[in-house]
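Derivation of every value follows stated rules applied to the coordinates shown; laboratory data play no part. The model shown is predicted, which means the values in this text are computed figures rather than measured ones. Here the Cβ is made from the backbone with ideal geometry for all residues, glycine too, and neighbour counts use every protein chain on show.
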Amino acid sequence: MEVLSLIGSGFLVALTPLNIGLLLMGCFVGTLLGALPGLGPVNGVAVLIPLTFAFGFDPTSSLILLCAVYFGCMYGGRISSILLNIPGDEPAIMTTLDGYPMAVQGQAANALAISGVASFVGATIAVIGLSLFAPVLARAAIHFGPADYFALYILAFATIGGIAGVDPRKTLLSALIGLMLATVGIDPISGVPRYTMDNFHLYDGIQPIVALVGLFAISEILLLLEKSAKDRPKAIKVDRWMPQWSAIWPTRWAMLRGSGVGFVAGVLPGAGASLGSFMAYVFEKQKSNGKGTFGKGDPRGVAAPESGNNAAAGGALIPMLSLGVPGSGTTAVLLAMLISLNVQPGPLLFERQPDLVWGLVASLYLANIALLILNLPMIGIFTRLMMTPTWALMPVVAAVTFVGVYGISNSIFDLELMVFFGIIGYIMRKLDISLVPLVLGLLLGGDMERALRRAMSISDGDWSILIASPISITLYVLTVGFLALSVWLAVRDHKQTQAERLTEG
Amino acid sequence: MKLRTLTSMKLGAALAAAMTVTAVPASATECIAPSNPGGGWDFTCRTIGRVLGELGLVEGNVQVTNMAGGVGAVAFAMVAAERPADEDLIVATSTVGVTQMAQGRYPAPLETMRYLAMLGADVGVIAVDNDSPIMTLADLTAAMAADPSALVTGGSSGAGGWDHIRLLMVADATGTEDLSAIRWVQFDGGTDAVTQMMGGQIAVVSTDMGEIAGFVESGDIRVLAALSDEPIPAFPDIPTAISQGVDVTGYNWRGLYTGGQVSDEAYNAWVERLETLYNSDNWQEAATSAGLVPIWRGGAEFEAFVRDQAAIMEQISRDIGVIQ
């Protein structure tokens, strides 16, 4: 019950007019930034930090503003995934798989509503977890060593073959290209540049956001250019402007399962929101894809990854606040801001600055409610966006992506790289190869390699360290079980279809 | 309806453009942080920029530009090629940057730039877990000298980075023969390394004090030695390595450089401005609260210091086989 009184005192901090104002502003700006391809939480938070200094906000207010932006981006990223098939930011990538097909089938309003509610469920569960168990979870997470992280990534990649597309071989090919691209740059362990062609711009590797925007947005524009003016695609039909409750309710278990998976991924420092939404999607697919509807507009395929990425984003605040270990790029920026405001995140933060911690927690509850209210009525506006003819919409999207990517790095090279990825994306689409596994390979491959290399540094090259801990053994058992289940399901379905053919014949 | 949605998209684009403009200055003073937002160089630029503005030492605000890449190499290459004579440009660097230069990992030699000043330093520390049987620096160095590969060590830099080199300097000064046999694990930051140590993955952490101070205060870890001349003001009880008979210091200083073709007049004006900043309460307070020890070296003295440090670093890197 102590927690309740602490949260109560937190609401007293959060409910000051200034903090409420900052919260609402953060939610709005965050949703907008998340929705625009190429602009994401890192831009938003980095741009607003000087603002918080300029206005001289205290650390609590600054953190409330920036966390509202962070949460808002997690909500907003789904919008362009669903409407344009272009992920607004990295964690929203899984939402394209079923969200865009839903939109194409006239279900845009439902897809937006389901993902909005799923975001709310995921984020709220994460905040409840944060308020009840933060210190305990943080202490548990430190027992996750490099070998265990490697096992976790093995589990993730073992499931990658099944995520998208008709032909698993093409999916694997795409994932492997992503893994190869992840090795570009200075090797952080030894400091040796790899595949950089002596170009200093490649020393930090390929930024996933640059690849993502190029692959999805630029290739979309190229595909559009290819079609002649007469052959212009018809605007997607929209069945209804506003969502139906009856479409949302059946996805409730998918949302809860996705939240659970995402939250665990978020709590582990070094995993993060992208892994959270990815794992949430594949688990949901494994569990519920009886009729093979995933990838063709299954509402549960929208609910699971969206609740997963929001739960992971909230979960990532736990290691940031209670250990001072950032789990993602955005939390790294938040951490730096706290330190420069003379707040030392770490084991003593909860004791020393309860006002800050509990004020933030209370604000996150409020931010979630604000975001849900903000997002549901906006669905009507966004679905009408589908009526905009593509020839008018895509140039605007292109302009925004260029501005967004340049804004991150101030580098023309990144723009060239983005166009290069656009061409790659165009070719891959022509060959009917899914783009999603490539981005996942690029996003997670670097972390996976570092986990392996660290484990090897610890053991001095002895491979047995990889199966030396109970955590990693459990994860490998799960992986084997998962693969066995996939094979069994495939064989069963195959027999079924054969049997059907026989009876039909 | 069409019109309205289009307008909202345009508004979005305009907003995005406006925000990007804030990151790209026109003519005002600019500080380049050669890292993503959040690192030590970013802190250097943002804090120095803020205090310069507060003290009225520059007109208007200082624009901070993040130009990540190659541990500072991308920004270094850009300044050398495009803005060598820009008198309104300062760039953050530190011991980490000089280590890179000394190991030949930047596109041009150290002398390409003019080094203005260092304004503070983070102190290197060697720490073990609170439950570790290693109680003193002498315990640690004896264990390493007996069997260099026995203990797993780690920190926030890769092999041959400053965290690694500092630890090897201690080992070298205390009789460890085969420095390359010491197992070193790279982590993404000091806190990452410390939490992995608390989880039992590694035995010893070598990193900057500033980042891990929270764990020292909470009693989760034990600092065996501070690699500074004097005890760290915030932690007077932590013994220095020197006080334990190991003559090694390992500061990670924070400072600034400017383009190589900047005039003497502009260079001297910058040094003077930064010295005023250094002596202000604003800077002393900001630096101390971020866990830095304020230290001043400016102008010609700092230039000489950077050259000396790079030469030492190059020698150590050669000795331990990081460079040929």
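Quick look at the numbers
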{"quantity": "Förster-model FRET efficiency, 30 Å R0, A:Lys287 and A:Ile467, C-beta, rounded to 0.05", "calculated": "0.65"}
{"quantity": "Other protein chain Cβ atoms within 10 Å, averaged over every residue that makes up B:46-57", "calculated": "1"}
{"quantity": "Average partner coverage of A:136-143, which counts Cβ from other chains inside 10 Å", "calculated": "3"}
{"quantity": "Burial order of peptide ranges B:311-324, A:390-403, B:251-264 (average beta-carbon count within 10 Å, highest first)", "calculated": "B:251-264, A:390-403, B:311-324"}
{"quantity": "Residues whose placed amide H lies under 5 Å from that of B:Ala225, excluding near-sequence neighbours", "calculated": "B:Ile126"}
{"quantity": "Pairwise FRET efficiency - B:Val58 versus A:Ala247, Cβ, R0 = 35 Å, nearest 0.05", "calculated": "0.05"}
{"quantity": "Share of Cα-Cα pairs in the range A:2-468 lying beyond 41 Å, as whole percent", "calculated": "13"}
{"quantity": "The protein assembly as shown: calculated mean residue ellipticity at 222 nm from DSSP helix runs of at least 4, using -39500 (n - 2.57)", "calculated": "-20000 deg cm²/dmol"}
{"quantity": "Cross-link pairs beyond the 21 Å C-alpha cut-off, checked among A:Lys227/A:Lys430; A:Lys170/A:Lys227; A:Lys296/A:Lys430; A:Lys430/A:Lys495", "calculated": "A:Lys170/A:Lys227; A:Lys430/A:Lys495"}
{"quantity": "Under the Debye formula (equal points on every Cα, no solvent term), log10 I(q)/I(0) of the protein assembly as shown at q = 0.10 Å⁻¹", "calculated": "-1.08"}
{"quantity": "Relative packing of A:482-491, B:147-156, which averages over residues the other C-beta atoms within 10 Å, highest first", "calculated": "B:147-156, A:482-491"}
{"quantity": "Rounded Å value of the spacing that divides the Cα centres of the range A:306-322 and the range A:108-153", "calculated": "5"}
{"quantity": "Listed peptides B:50-57, A:172-179 by packing density, highest first (mean Cβ within 10 Å)", "calculated": "A:172-179, B:50-57"}
{"quantity": "Inter-part distance where the range A:354-422 and the range A:1-65 are each reduced to a Cα centre, Å", "calculated": "17"}
{"quantity": "Average partner coverage of A:457-467, which counts Cβ from other chains inside 10 Å", "calculated": "2"}
{"quantity": "Inter-part distance where the range B:31-74 and the range A:260-303 are each reduced to a Cα centre, Å", "calculated": "39"}
